[in-house]
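Report on one structure; see the data block that follows.
The values are calculated or read from the model by the stated rules, or taken from the named source; none is laboratory data. All values derive from a computational prediction rather than experimental measurement. Every residue, glycine as well, gets a Cβ built from its backbone with ideal geometry; the counts of neighbours run over all protein chains shown. Remember, those area values only see protein heavy atoms, side chains included, never the ligands or the DNA or RNA. Shrake-Rupley method; radii C 1.70, N 1.55, O 1.52, S 1.80 Å.
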Amino acid sequence: MMATRASFTLQTPLTIKCVHILGSWDLYRRQLRLTKIKQVEDTYEWNNTFEFQVTTLQPGKRYWYYYLLNGYQVSYDSTRAIMIEPTTGRTLNIFDVPSDEPPSNISPENKPVEIAKGRPLDSSQIKAPIPV
């Protein structure tokens, strides 16, 4: 089985001391740590590349993710495609794994996305988005 490598980058204010990413690929269970790369004026740039098995990131599937700053503050990358999770109102970044090429080095795509609208779920039915 081939692995898929995915790189994530985020710029934050200097007050941020640690950044983690959580994603729908594992139902938001694991916090993957980003590394502080450099300081650019009044921001830090954080980055990391993760290797996912095909059983985790499947070609042609869509995943969602968000960043956790300083262990408690939820955030997203405004330079990447986003969606508003309708049941919680949380802003999530979108990560589409290409299907027409073998797993390789990829990054989350930056493209507009249309979000389907419908009636809201009962609060007992709210679950994290899962890959489609």
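From the list Ile16, Ile21, exactly one residue is of a type outside the set (Asp, Glu), assigned to a loop (DSSP other than H, G, I, E, B), touching a residue at least 40 places away in the same chain (Cβ under 8 Å) and surrounded by 12 or more Cβ atoms within 10 Å (Cβ to Cβ). Which is it?
It is Ile16.
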Original post:
In this structure, does Arg5 turn out to be open to solvent by 20 Å² or more (accessible area, probe 1.4 Å), of a type in the set (D, E, K, R) and modelled with pLDDT of 95 or more?
Top reply: no
Original post:
Residue check: is Leu57 part of a strand (DSSP E or B), in contact with a strand residue (DSSP E or B) (Cβ under 8 Å, 6 or more places away or on another chain) and either open to solvent by less than 30 Å² (accessible area, probe 1.4 Å) or over 12 Å from Phe95 (Cβ atoms) (or both)?
Top reply: no
**OP:** Would you tally the residues in the stretch 68-86 being surrounded by fewer than 15 Cβ atoms within 10 Å (Cβ to Cβ), of a type outside the set (Gly, Ala, Ser) and in a loop (DSSP other than H, G, I, E, B)?
**Re:** 3
Original post:
Among (1) open to solvent by 50 Å² or more (accessible area, probe 1.4 Å); (2) over 18 Å from Ile94 (Cα atoms); (3) out of contact with any Ser or Thr (no Cβ under 9 Å at 6 or more places or on another chain), which single condition is Ile37 missing?
Top reply: (3)
**OP:** May I ask you to list pairs of residues, at least six apart or on different chains, whose Cβ atoms are under 8 Å apart, with the first in the stretch 30-52 being within 14 Å of Leu10 (Cβ to Cβ) and the second being of a type in the set (Lys, Arg) and open to solvent by 70 Å² or more (accessible area, probe 1.4 Å)?
**Re:** Tyr44/Lys36; Tyr44/Lys38; Glu45/Lys36; Glu45/Lys38; Trp46/Lys36; Asn48/Arg33; Thr49/Arg5; Phe50/Arg5
Original post:
Within the stretch 22-54, restricting attention to residues that are among the aliphatic types (A, V, I, L, M) and touching a strand residue (DSSP E or B) at 6+ places or on another chain (Cβ under 9 Å), which residue is farthest from Ser75 (Cα to Cα)?
Top reply: Val54
